[in-house]
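The values are calculated or read from the model by the stated rules, or taken from the named source; none is laboratory data. Because the structure is predicted, anything quoted here is derived from the model rather than measured. Every residue, glycine as well, gets a Cβ built from its backbone with ideal geometry; the counts of neighbours run over all protein chains shown. Ligands, DNA and RNA are stripped out before the accessible areas are found, and what is left, the full protein with its side chains, is counted by its heavy atoms. Shrake-Rupley method; radii C 1.70, N 1.55, O 1.52, S 1.80 Å.
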Amino acid sequence: MSFHPKMTYGAAFHKSARDLDPDRDQGPPFEYTAENRARFDRIVQRYPDAQRRSAVLPALYLVQYQQGHITASAMRYVAGLLGITPADVEDVVSFYSMFYTKPVGRFVLQVCRTLSCALNGAERVTEELSAKLGIKPGETDPSGTFTLIEVECLGACDRAPVVMVNDAWHECLTPGDAAKLVDDLKARGEAALSGCHHVVEKK
Amino acid sequence: MDTVSLTIDGRQITVEKGKTVLQAALENGIHVPYYCYHPGISIDGSCRVCIVKIEKMPKLQTSCSTVCAEGMVIETRTPEVVAARAGVFEFLLVNHPLDCPVCDKGGECPLQDFSYTFGPDQSRMEFPRRVFDGEGVKGDVDFGPTLMLNRQRCILCTRCVRFMRDIDGDAQINIIDRGYGSEIATFQEEGVHSLISGNLMDVCPVGAITTRDYRFKSRPWDNPIAADTICTQCSKGCNTTAWIKAKPEWAKGAQLIRFTPRFNHDVNGYWMCDIGRFEYHWIEGDNRLRQPLEREANLGQQPISWQELTSKLGDRLAAAGTSNPEGVRFLLSAHASHEELFLFRRLTEALLGEPNAVSVSWRYQTKSQPAGSKFIVPPVDAPNVNGARAMGLAPGKVGPVDNDAKADVSALRAAVDAGRVSALYVFDPGPEGSLGDVQWIVDARASGRLPLLIVQGVVLSALARAADFVLPGASYVEKEASYTNDQGTLQGATRVIAPPGEAMEDWQILVNLGVALGVPFTYTSAARVRADIAERYANEPGLAGIATLVFGRPVAARNWLQASNPSERWKWDFMFQDMPPVKGHVDPSAVPMPIGAIPLKEVK
């Protein structure tokens, strides 16, 4: 806009150190598939019109189901659907650890590191997984199959330590169990996801 | 009005129902510090420094977010509260850098002041401070075209977030990440793009958000003179403060250092727009008219003395008026104040007796703002359209009804284009372009259809360059002048600095010219002109009270706290001027007022 004063700061010197890569973060133009769009429309109906923004979490989950992680284009798309600003969406995406802004592997191994799990050897589990997969926490292996993340309490303190793989809990893990879990996932894929003990015991 | 009664620090207080404890305390002169609370935006309760003890509540409560209830008993100075508050300050300073000596906010920073007053005297923090983008000013990042952001100074009060959400209507700022990693950010670092972004500097209680315009230019104690005035760049008439640099070594450069909004509930609230805030450099720019000019054959525009100019111009105008009264026309900008409009009106009546010799023009420019914005910048880029209406110089009614009107100078343009105008006198005391399209005048002068063009103005615009006589006038900060804004409110703009070079206040130019033309003007000051306006337009509501209008004069600050962020200035009046020592456990009522302390101002 013409009324703004002109100041000549060196652009590079004053760039934020926030890890932003336009090529990676913007992503290709995003749009829900017809199926996801229908799901979104059903979700939005749960909220009164004035609180349409409340659907932001399920809307972002849909994005993540569709393309694995959430790009800036997707944030803009969701903001447009909900009538909020992209900044509002980015706020939510960056707040919650279950939303990924960078591509992740097919299996996301989330090791709980909060008190109960830590006391029961979660760090040993992380070390074992790290060694087995050859990646550090926060990284994805070169094949794009596994991502290892340390997270805070997963709400399964009675069965600590717990690792959540995608949406399924794996409980009371020893380092040995963790290594077996990785082998199992490699061999059988999604079929190796056990689910939490509630699910297991019901079967 | 429903009221509730409560006790704060042993004092019985009755306040309007629905007020918060913090508001009740502040309104009654009880000092409670605060950051995230700002009277103009919604309540958050995130900074925790306003904590107080409320009887029967198990924990200390944030006074900003607790609504007063009947019979509440509140303590703000018990040892428990003082210790807890000092603890909060210690936490606020855990990551805040100690770069006050290079920080733009230093000297007018609530964090600095409150920490001295309420905080612990040293930090027990042994760990390195959190640094986002580099130490010190290297950590400054782009925050849009007008602002810079320094994340390590930020204390995450979220005032900027709430300002954008509540006032601007477009929530461009948010907090990303969480917990210890939280930082203020715009979506993908796009920065703040808003017509009212400058207010973010005012609402920021620390030096995290600074304006590019004021950055590193000055410090509050270097600006001991600040004048309360109004902005005239559009029809809103925001109340502002003009800050003047006064350091001797800078005396050669520009004096105006910044404009900040001044609270006026009825006009602009706590805010002003970026146009009024940042577009002031033309006032002391290279393009200002500093001496009278006359066009001489083959030589172009040459400097001339006021005396010569007045007599020559008087002769030419008188000649033109006698030979063809209908051929002498006046085009006034709606930047003209009441005084100037009135004098032009009297001048034309005396000279020509011609009622429609005067046309008033202004620029109409719709500003793009978010739909939900609470601070709308009007499209009319002139302060006194309603003044022109009050004096019968522009069509329409005074008041908020005709605000959306565009200027109509088609009759004048047709007359000029047809060659029926022998002399055109243009008065344009506003910034370049604020008169609207004037290229047709320049073209008419160039093609010879307009034999005589006189321009009284402030900048050497294309129009002034085409003129036969140029009269350097005063801009809106260089004269005491009155304007009626788009709501029909009469307000005065203060003389903050002197007009440059030989430029004169416009009422004086017109009186001198009138005398040269034989009009019996006897005014010796702008106040005399206003007194005459009051007499002749006694029944005009848009001009009521013009004779007794009070102009804020430049006031030297008596202490550095007075010269602080004016949108918060009312706070200083409360917080500091009779500040008792609160770190110990001293009964404040037993502490005498310090010598020279200024008594508390009433807050409306």
Rounded to the nearest 20 debye, dipole of region B:293-548 from Cβ charges on Lys, Arg, Asp, Glu:
300
Per-residue counts of other Cβ atoms within 10 Å, averaged by peptide: what ranking do you get for B:268-274, B:323-329, B:104-110, highest first?
B:268-274, B:104-110, B:323-329
Select from region B:176-199 all residues whose loss of accessible area on going from the chain by itself to the full protein assembly reaches 40 Å² or more (probe 1.4 Å).
B:I176, B:D177, B:R178, B:F187, B:Q188, B:E189
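Average partner chain C-beta neighbours within 10 Å, per residue of B:139-151?
The mean count of partner-chain Cβ atoms within 10 Å per residue comes to 3.
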Quotient of Cα Rg and 2.2 N^0.38 Å for region B:291-403, N being how many residues it contains
1.39
Accessible area per residue, Å², chain A with all protein chains present, probe 1.4 Å:
54
Check B:T20: other-chain or 5+ apart residues with amide H under 5 Å from its amide H, H built from backbone geometry?
B:C68
How many angstrom lie between the C-alpha centres of region A:78-156 and region B:169-226?
32
Exposure of B:K17 as accessible area (Å², to 10), given a probe of 1.4 Å and all protein chains:
130
Pairs to check: B:K105/B:K479; A:K102/A:K136; B:K19/B:K236. Give those whose C-alpha atoms are more than 23 Å from each other in this structure.
B:K105/B:K479; B:K19/B:K236
With the Cα gyration tensor of region A:126-168 giving a ≥ b ≥ c as the square roots of its eigenvalues, does the rule (a/c under 1.5 for rounded; else a/b larger than b/c for prolate; else oblate) give rounded, prolate or oblate?
prolate
Ignoring any ligand, DNA or RNA, what whole percent of the accessible area of region A:9-95 comes from carbon and sulfur when the probe is 1.4 angstrom?
54
Mean-square fluctuation check for chain A, GNM, Cα pairs under 10 Å: which of A:G121, A:G176, A:G68 is largest?
A:G176
Compute the separation of the alpha-carbon centres of region B:276-313 and region B:354-405 and state it in Å as a whole number.
28
Please state the shape class of the protein assembly as shown: rounded when a/c is under 1.5, otherwise prolate if a/b exceeds b/c and oblate if not, all from the C-alpha gyration tensor.
prolate
For chain A, modelled as a GNM with alpha-carbon contacts under 10 angstrom, which of A:L115, A:L20, A:L148 fluctuates the most?
A:L20
May I have the pair-distance distribution P(r) for region B:390-499, computed from all Cα-Cα distances with 5 Å bins from 0 and rounded to whole percent?
2, 11, 17, 18, 19, 16, 11, 5, 1
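How would A:E201, B:E279 rank on accessible area, largest to smallest, probe 1.4 Å?
Values: A:E201 120, B:E279 65 Å².
Putting A:E201, B:E279 in descending order of accessible area: A:E201, B:E279.
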Find how many whole Å separate the alpha carbon centroid of region B:481-496 from the alpha carbon centroid of region B:500-515.
20
Kindly report the accessible area of region B:83-129 per residue (heavy atoms of protein chains, probe 1.4 Å, no ligands, DNA or RNA), in Å².
50
Can you find, among B:N268, B:A226, B:W282, the residue farthest towards the positive end of the dipole of region B:220-286? Put +1 on the C-beta of Lys and Arg, -1 on that of Asp and Glu.
B:A226
Over all directions, the average projected area of the alpha-carbon convex hull for region B:183-271 comes to how many nm²?
7.4
In whole percent, what relative contact order does chain B give with Cα contacts below 8 Å and a gap of six or more residues?
13
Between B:T78 and B:D286, what is 0.36 nm times their sequence separation minus the Cα-Cα distance? Round to one decimal in nm.
69.0 nm
Acute angle (nearest 10 degrees) that the helix B:79-92 long axis makes with the longest principal axis of chain B, alpha-carbon atoms:
60
Tell me, what is the per residue accessible area of region B:293-548 in Å², probe radius 1.4 Å?
39
I need the Kirkwood Rh of region A:9-95: take the reciprocal of the average 1/r across all distinct C-alpha pairs and report it in angstrom.
14.0
Using a 1.4 Å probe on protein heavy atoms, which residues of region B:263-280 have at least 50 Å² less accessible area in the complex than alone?
none
For the Cα atoms of chain B, what angle does the longest principal axis make with the long axis of helix B:526-536, in degrees from 0 to 90, nearest 10?
70
First compute the accessible area of region A:107-202 with a 1.4 Å probe, then give the percent of it belonging to carbon and sulfur atoms.
53
Would you compute, for the Cα atoms of chain B, the largest minus smallest coordinate along each principal axis and list the three values in descending order, in whole Å?
90, 52, 46
Descending accessible area (1.4 Å probe), largest on the left, turns B:D2, B:D168, B:D133, A:D183 into B:D2, A:D183, B:D133, B:D168
If amide H atoms are modeled at 1.01 Å from N in the peptide plane, then the residues at a separation of 5 or more from B:T229, or on another chain, having amide H under 5 Å from its own are B:T240, B:T241, B:A242
Placing each pseudo-label 7 Å from Cα in the direction of the beta carbon, B:A498 and B:W221 end up separated by a distance in nanometres of 2.9
Short to long, in 10 Å steps from zero, the percent of alpha-carbon pairs of region A:44-203 per bin is 10, 35, 31, 19, 5, 0
Partner chain coverage, peptide A:83-93 - average Cβ within 10 angstrom
6
Compute, for B:I176, the solvent-accessible surface of its heavy atoms (probe 1.4 Å) with the complete set of protein chains present, and express it in square angstrom to the nearest 10.
20
Solvent exposure, largest accessible area first (probe 1.4 Å, DNA, RNA and ligands not counted), of A:H198, B:H338
A:H198, B:H338
Yeah, region A:107-202 with a ≥ b ≥ c from its alpha-carbon gyration tensor (a/c under 1.5 is rounded, else prolate when a/b outruns b/c, oblate otherwise) is oblate
For the interface of B with A, what's the total buried accessible surface in square angstrom, probe 1.4 angstrom, rounded to the nearest hundred?
2800
Carbon-plus-sulfur fraction of the accessible area of chain B, 1.4 Å probe, in percent?
53
Find, among the trypsin sites (Lys or Arg not before Pro) in region B:156-193, those assigned to loop by DSSP (not H, G, I, E, B) with at most 13 other beta-carbon atoms within 10 angstrom.
B:R178
Quick one: which residues, 5 or more positions from B:V426 or on another chain, have an amide H under 5 Å from its amide H? H modelled 1.01 Å from N in the peptide plane, none for Pro or chain starts.
B:L331, B:I454, B:V455, B:Q456
